[in-house]
Amino acid sequence: MNRKIFFLFASLLLCATMVSAQEKSDLHKRAEAADPKEHIASARSLYIHAFNDYYNRGQMKLGVECATKAASLYYSRENFYKEAFDLLRRADDAINSSPKDSQAEKAAMHYMVTKERLNMYIKLRKSDSAKDQLNIMESQATQSGDENLKNDLLYTKAIYYYTFGMNAQGNAVFKEMANKLTASKEYDKVDEVYQTLISNGRKSNNANMVAQSYSNYIAWKDSTNALKHADEINALKKQIADNEATIADKDSSLSTRWVFIIGLCILAAALAAALVIGAIILMRFILLDRKQKKTIRLANESNALKAKFISNISAQLEPTFKKLDSKQPEVKALLEFSHHIQTLSELENRDSSEIELEDTPVQQFCENLMDQIRDKVKSEVNLTVNASNMSAKINKEYVSHILLHLLNNAAEYTPAEGTIALEFKKRGPHSYQFLVSDTGSGIPEEKREDIFKPFLEIRDLTTGDGLGLPICKQMALKMNGDLDIDPKFTKGTRFVLDLHA
């Protein structure tokens with residue numbers, strides 16, 4: 001945990017320097033808004049989409065930022081190191097192929113990618129491989145000519161040495177960095193770095209590191225206080241000299257003195273007026289903020305009441321619909337729409353903590369689902385199940401609903417002699433994936449973001465109400481998972497259901 005704080009602190013400083021002048025895309029903003037603790041696969045997928053989008057638009061600095069963040073989401077919690085290394089390799093290739101950026105700019109971007117690779121080797125405890133990455137970063141920082149990267153390199157070296165128990169080397173590098181910042185009078189930055197170092201030493205129970213860091217910090221603090229006092233004295237001396245010169249200039253004329261005094265009074269009055277106006281504006285802002293929060297709360301309560309009201313209306317209409325001829329397409333569509341409305345409302349009001357999991361034999365479970373669509377597929381369609389003989393903790397009701405809906409869609413849109421596949425993959429100790437793929441015509445890219453959103457358009461209910469996939473998406477989210485389309489699959493359509501037990 002302590003090393004993650006180190007990496008996050010240094011990476012944020014570096015990324016903020018490199019991309020502050022560029023506007024972030026909507027995909028990038030959505031990726032940052034996604035909570036990686038709850039929707040890590042979704043956040044990672046959005047960052048990868050943002051990287052590809054920036055690459056196509058030639059905005060490589062922002063693209064590299066998204067690629068490194070996606071790589072960190074691969075290994076930070078789920079240990080997908082191969083995928084992370086592959087993504088970083090793609091980022092390096094994209095940088096090399098960028099025609100707009102200079103060699104110095106490319107070196108700075110390669111530095112970010114190499115640093116993320118270093119983080120992985122440090123987490124894997126591979127000292128020699130991490131050292132190789134440090135050497136590469138030193139060359140890249142030199143080629144970039146960026147002083148911020150050179151400072152970041154010193155900080156990263158210190159992390160490396162402390163991580164692998166080389167405290168003497170770590171102290172030397174850290175002292176070099178502190179001296180550079182002190183020379184430029186950036187005292188607050190040095191103080192913050194020392195405090196972070198001491199805090200991380202305590203968290204990692206490294207008494208030697210805490211003792212050395214604290215000793216160095218006290219010594220630096222004493223010397224810095226002397227420098228600060230000298231600066232303050234010099235500043236006061238300069239101010240006194242300036243004031244004396246001003247008084248000497250004004251002493252020749254009493255009227256000029258009065259003008260000076262009146263000017264100061266006017267300035268004081270203006271400052272007082274500005275403070276009053278600022279206080280009024282701040283008060284109005286606070287009141288407006290409270291009003292907006294109340295409006296949002298009322299809107300959320302209203303939406304919940306609307307959902308409950310619609311569900312009640314649907315439940316009351318359903319007995320009437322059942323009295324009609326269910327063989328009529330319109331009646332059948334209304335019954336199905338009513339059922340979907342109730343299901344969607346129940347999902348929105350249901351707490352995730354109520355979802356129960358049970359051990360389920362995966363292979364048998366998948367084969368039973370596939371058997372239910374065998375009589376619905378076109379001629380000579382190949383049905384395959386690829387699932388290991390193991391058990392997984394899942395909610396059978398929700399998972400069955402989602403997979404059956406996807407398989408029925410695949411049966412409808414897969415042409416004769418095509419293929420429908422259901423796969424299961426274990427991604428971690430408590431992480432699973434179900435994949436449903438077909439060789440149909442596929443879903444156009446411009447429609448992929450909207451297929452999980454309900455009520456986007458008015459449609460003929462006899463052709464479907466468009467609520468099937470939104471319901472599946474809600475069920476996946478309630479299980480602390482996600483449902484999405486695999487953008488890399490190009491031979492038809494592949495849906496990926498991510499689950500975390």
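Which of the GluC sites (Glu not before Pro) found in region 21-129 are loop residues per DSSP with 15 or fewer other Cβ atoms within 10 Å of their Cβ? Hits after loop and neighbour filter: Glu23, Glu38. Plainly put, region 348-390 has a radius of gyration that is 1.16 times its Kirkwood radius, both from alpha-carbon atoms, as the Rg/Rh ratio. Remark: region 11-135 carries 45 Å² of accessible area per residue (probe radius 1.4 Å; ligands, DNA and RNA excluded).
Taking Cα centroids, how far is region 341-420 from region 26-102 in Å? Going from one Cα centre to the other spans 31 Å.
Given their separation in residues at 0.36 nm each and the Cα-Cα distance between them, Asn480 and Met283 gain 66.9 nm when the chain is fully extended. Fully extending the segment from Lys126 to Phe489 would add 127.3 nm, taking 0.36 nm per residue of separation and subtracting the current Cα-Cα distance. Taken per residue, the accessible surface of region 356-421 reaches 55 Å², heavy atoms only and a 1.4 Å probe.
The values are calculated or read from the model by the stated rules, or taken from the named source; none is laboratory data. What you see is a predicted model, and the numbers here were worked out from it, not measured in a lab. Don't worry about glycine lacking a Cβ; one is built from the backbone with ideal geometry, like all the others, and counts go over all protein chains shown. Accessible surface areas use protein heavy atoms only, side chains included; no ligands, DNA or RNA. Shrake-Rupley method; radii C 1.70, N 1.55, O 1.52, S 1.80 Å.
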